[in-house]
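Here's the structure we're looking at; comments come further down.
The values are calculated or read from the model by the stated rules, or taken from the named source; none is laboratory data. Predicted model, so just to flag it, every value in this text is computed and none were measured. Please note: Cβ atoms are built from the backbone with ideal geometry, for glycine as well, and neighbour counts cover all protein chains shown. Note: areas computed on protein heavy atoms with side chains; ligands, DNA, RNA excluded. Shrake-Rupley method; radii C 1.70, N 1.55, O 1.52, S 1.80 Å.
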Amino acid sequence: MQIETVTGVLSTLVGGVVAVAVAWISRPRQAKEPEDDGTEPRRDLTTIAGIAAELVRQGDELRTAEGRITELETGRQHDARVIAALRRYVLSLKTAMRDRGVEPPEPAPDDAPLIAG
């Protein structure tokens with residue numbers, strides 16, 4: 001056998017192995033369904049009763065989320081009122097200090113942009 005023949009056969013075999021490997025790697029795969037870990041009940045969305053139950057569940061979740069948003073908004077409004085009251089108090093303290101001839105200290109450089117509003 002000549003070296004050209006051996007080289008040709010060898011390159012054909014290597015090419016075939018590479019082609020099989022590429023085809024195997026690029027094959028279409030079935031999407032894996034997430035495994036049921038048992039923490040969430042199965043939902044039957046193929047019946048009217050199943051769809052209705054799911055809508056009720058989502059409505060409950062929505063009401064819970066809306067309640068949480070309301071709590072956060074109430075807390076934000078309370079915080080804004082507290083900050084406004086503290087700002088008025090600091091301004092009155094500065095005025096009292098200036099009336100007595102004492103210059104109030106300047107805020108720290110990191111705090112100055114926050115205090116300036």
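Can you tell me which residues in region 1-16 are of a type in the set (A, V, I, L, M, F, W, C) and surrounded by fewer than 10 Cβ atoms within 10 Å (Cβ to Cβ)? Even if it seems obvious, please write down each step before you answer.
Restricting attention to region 1-16, the residues satisfying the condition of being of a type in the set (A, V, I, L, M, F, W, C) are 1, 3, 6, 9-10, 13-14.
Passing the criteria: Met1, Ile3.
Listed here are the residues, each with its yes/no results for (1) open to solvent by 70 Å² or more (accessible area, probe 1.4 Å); (2) at pLDDT 95 or above; (3) under 30 Å from Asp44 (Cβ atoms).
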{"residue": "Gln58", "(1), (2), (3)": "yes, no, yes"}
{"residue": "Glu61", "(1), (2), (3)": "yes, no, yes"}
{"residue": "Gly75", "(1), (2), (3)": "no, no, no"}
{"residue": "Ala84", "(1), (2), (3)": "no, no, no"}
{"residue": "Arg88", "(1), (2), (3)": "yes, no, no"}
{"residue": "Ser92", "(1), (2), (3)": "no, no, no"}
{"residue": "Thr95", "(1), (2), (3)": "yes, no, no"}
{"residue": "Pro107", "(1), (2), (3)": "no, no, no"}
